[in-house]
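The values are calculated or read from the model by the stated rules, or taken from the named source; none is laboratory data. Every value quoted in this text rests on a predicted model; they were computed, and no experiment measured them. In this analysis, Cβ positions are derived from the backbone assuming ideal geometry, glycine residues included, and neighbour counts consider all displayed protein chains. When the accessible area is computed, the model is the full protein with side chains, heavy atoms only, and any ligands, DNA or RNA have been set aside. Shrake-Rupley method; radii C 1.70, N 1.55, O 1.52, S 1.80 Å.
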Amino acid sequence: MDYAADAQRTDLMTITRFVLNEQSKHPESRGDFTILLSHIVLGCKFVCSAVNKAGLANLIGLAGETNVQGEEQKKLDVLSNEVFVKALVSSGRTCILVSEEDEEATFVEPSKRGRYCVVFDPLDGSSNIDCGVSIGTIFGIYSVKDGGEPTLDDVLQPGKNMVAAGYCMYGSSCTLVISTGSGVNGFTLDPSLGEFILTHPDIEIPKKGKIYSVNEGNAKNWDGPTAKYVEKCKFPIDGSSSKSLRYIGSMVADVHRTLLYGGIFLYPADKKSPNGKLRVLYEVFPMSFLMEQAGGQAFTGKQRALDMVPKKIHERSPIFLGSYDDVDEIKALYAAEENK
Ligand code: FDP
């Protein structure tokens, strides 16, 4: 009998137990973060269940509204947003919420306020809903700056100031990956228990990977360094093997694979979208935070992604993130372009 494996099966590390353990390392902690996280977890469980039931419950389809980015909203987007906003407000631990689905930031009424700001995309990859491809929720958490009335400046902070970030992927299983600034851990929802169980402790991204992930349909509009990098992935000049291309078109799923298998995920700038497509606060920052915490890198084409200071809540940025050595290569190409 494998006693070690058996002990693991019966001594379940749930996400709540994990966070409480972390909390006990900080005697000054009042448990606010644990309470906030339990509300995020509740939102993820609800969305997971709604995604699983989408076909049955006739949730798929347009809700007849258009979101800030001019995309048609699906019913699931609307539902997920409502669930997360309500869960976060009722936690009593938040003061500002920024959601991909809402044009303006939500300032929580004073009687329900806490000290955290949460930026999130309740259902990322929504163009994949109707065909059953993995989608996810992405979130980042900041602490409000000192005292006083909360203002937008509390969320327009560089990504490196986040206190935690994570995503939940609704795929063949429901996986929650989170970092509170000391490594990255992954939890899988056990549907029979209704609990997220630690299944991927201390995730470290391989130093170099064999996969690149990008929407190559945009290639004709790419700049020189991006085009050169992708060419090198396909036709390496040093005699090494070419990289494989994998692109799901759902950021959570593409980043999750990159985190576990290594490689690079790119959503670069192009002539049509000089700032790329992905949103800084609730896509680029949380994923960059996780990548760095797992030992990888995240770069915008100009700087370390987490150093950016956003000016607007729905700002976009190009992003290259993944294995340390792979991101180093694209950095070198941009540096060479700059020195021309
Ligand atoms: P979607 O439009 O389906 O919501 O920013 C949203 C996002 O998906 C990301 O999840 C995904 O990585 C990217 O857009 C895909 O964009 P392209 O279709 O342009 O490749």
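Would you call Thr258 more than 15 Å from the ligand (Cβ to nearest atom) and among the β-branched types (Val, Ile, Thr)?
no
Every residue, every condition in (1) β-branched (Val, Ile, Thr); (2) touching a helix residue (DSSP H, G or I) at 6+ places or on another chain (Cβ under 6 Å), yes or no:
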{"position": "Leu193", "(1), (2)": "no, no"}
{"position": "Thr199", "(1), (2)": "yes, no"}
{"position": "Lys210", "(1), (2)": "no, no"}
{"position": "Tyr229", "(1), (2)": "no, yes"}
{"position": "Pro236", "(1), (2)": "no, no"}
{"position": "Ser241", "(1), (2)": "no, no"}
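At least 3 residues that are within 22 Å of the chain's Cα centre (by Cα) and over 22 Å from Asp325 (Cα atoms) in each: list the strands (runs of 3 or more DSSP E) lying fully within segment 153-267 that qualify. Don't jump to the end; show me each part of the working.
On the way: elements: 164-170, 174-179, 185-190, 195-200, 211-213, 264-267.
It comes to 164-170, 174-179, 185-190, 195-200.
Considering only residues of segment 261-275 that are within 12 Å of the ligand (Cβ to nearest atom) and at pLDDT below 95, which is most open to solvent (accessible area, probe 1.4 Å)?
Of all residues in segment 261-275, those within 12 Å of the ligand (Cβ to nearest atom) come to 265-268, 270, 272-273.
Subset that is at pLDDT below 95: 270, 272-273.
Values: Asp270: 19, Lys272: 162, Ser273: 44 Å².
Once the filter is applied, the top-ranked residue is Lys272.
Is it fair to say Glu216 is out of contact with any Lys or Arg (no Cβ under 7 Å at 6 or more places or on another chain), more than 10 Å from the ligand (Cβ to nearest atom), at pLDDT 95 or above and open to solvent by 10 Å² or more (accessible area, probe 1.4 Å)?
no
Would you say Lys86 is in the same structural domain as Cys174 (by the TED database), within 15 Å of Ile40 (Cβ to Cβ) and modelled with pLDDT of 95 or more?
Against the criterion (in the same structural domain as Cys174 (by the TED database), within 15 Å of Ile40 (Cβ to Cβ) and modelled with pLDDT of 95 or more), Lys86 qualifies.
Count, please, the residues in segment 126-146 that happen to be open to solvent by less than 20 Å² (accessible area, probe 1.4 Å) and within 13 Å of the ligand (Cβ to nearest atom).
Matching residues across segment 126-146 total 6.
Within segment 165-181, restricting attention to residues that are out of contact with any Gly (no Cβ under 7 Å at 6 or more places or on another chain) and in contact (Cβ under 8 Å) with a residue 60 or more places away in the chain, which residue is most open to solvent (accessible area, probe 1.4 Å)?
Here the residue is Thr180.
Restricting to segment 258-268, name every residue that is more than 26 Å from Pro122 (Cβ to Cβ) and in contact with a Pro (Cβ under 6 Å, 6 or more places away or on another chain).
Gly262
Suppose the filter is outside the structural domain of Asp270 (by the TED database) and surrounded by fewer than 15 Cβ atoms within 10 Å (Cβ to Cβ); does Leu245 pass it?
Spelling it out, it is not the case that Leu245 is outside the structural domain of Asp270 (by the TED database) and surrounded by fewer than 15 Cβ atoms within 10 Å (Cβ to Cβ).
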